[in-house]
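The values are calculated or read from the model by the stated rules, or taken from the named source; none is laboratory data. Just so it is clear, the structure is predicted and the values come from calculations on it, not from any experiment. Heads up, the Cβs are rebuilt from the backbone with ideal geometry, glycines too, and the neighbour counts pull from every protein chain shown. What goes into the accessible areas is simple: the full protein's heavy atoms, side chains included, and nothing from ligands, DNA or RNA. Shrake-Rupley method; radii C 1.70, N 1.55, O 1.52, S 1.80 Å.
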Amino acid sequence: AFAVKKLVDFSAKCIELGSDLSEVQNVVDVTFPAMSKQVDKFAQNASTAFGLSETMAKKYTGTFGAMAKAFGFGEQQAYDMSTTLTGLAGDVASFYNITQDEAYTKLKSVFTGVVMTQTALDAYAMANGYGKTTAAMSEAEKVALRYSFVQSKLATASGDFMRTSDGWANQVRILKLQTESFMAAIGQGLINVLTPAIKVINTLMGKLVQLANVFKAF
């Protein structure tokens with residue numbers, strides 16, 4: 001009984017991880033219709049390159065990409081920006097010893113402008129050949145400026161995960177991430193097997209609900 005419970009729990013966790021991966025994959029496919037395979041390749045290598053699970057990498061890349069496209073950037077530009085920022089999220093988490101989600105939230109300021117002062121951005125723009133301050137820029141130009149500004153300010157953190165990947169902490173993190181990727185793949189297989197059964201059960205439950213409503217009316 002103990003063994004069966006453990007197997008059921010393992011399967012449930014696999015299905016949960018597989019479902020999460022499928023959901024973020026949908027965002028990637030919609031955001032990068034012509035570059036979905038490149039995102040897949042990037043995400044599959046993210047655990048050893050940046051300390052991010054495949055699900056995290058696709059979630060971050062999909063969100064950053066969607067935000068970039070909303071500001072008028074093309075698919076290739078959005079891909080370049082989103083993968084750079086996603087990798088930076090892993091490096092910042094490693095360098096500053098914070099969670100990846102915390103780093104990801106902070107880096108979204110490239111698109112929102114939150115936590116970046118106008119004075120600092122204007123000074124950076126004038127010092128780096130932009131030729132005008134943010135007041136004279138379009139929204140897309142402001143995003144490009146913030147993107148460059150963030151990269152320059154976090155240059156020290158860039159590549160930190162790879163530099164320290166041989167250490168105990170990051171080796172343990174890689175093992176955990178690869179285990180999650182393995183479980184997500186198993187989970188997606190289980191979802192493929194169980195989905196037809198769930199559809200049948202839902203159809204039957206619909207009939208039972210109708211029957212229950214008839215009984216209630218009676």
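Odds and ends about this structure:
- Single unsatisfied condition, Thr55 versus (1) under 25 Å from Lys41 (Cα atoms); (2) open to solvent by less than 30 Å² (accessible area, probe 1.4 Å): (2)
Conditions tested, residue by residue: (1) of a type in the set (A, V, I, L, M, F, W, C); (2) farther than 20 Å from Ala184 by Cβ.
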| site | (1), (2) |
| --- | --- |
| Ala1 | yes, yes |
| Ile15 | yes, no |
| Gln38 | no, no |
| Ser47 | no, no |
| Lys59 | no, no |
| Gly90 | no, no |
| Tyr96 | no, yes |
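- Exclusive hit being exposed (fewer than 15 other Cβ atoms within 10 Å of the Cβ) and either among the hydroxyl-bearing types (Ser, Thr, Tyr) or at pLDDT 90 or above (or both), set Met137, Met126: Met126
- Of residues in the stretch 95-112 being part of a loop (DSSP other than H, G, I, E, B) and free of Cβ contacts under 8 Å to residues at least 40 places away in the same chain, the one most open to solvent (accessible area, probe 1.4 Å): Asn97
- Residue selected from the stretch 158-182 under the condition surrounded by fewer than 19 Cβ atoms within 10 Å (Cβ to Cβ) and of a type in the set (A, V, I, L, M), by the criterion nearest to Ala49 (Cα to Cα): Met162
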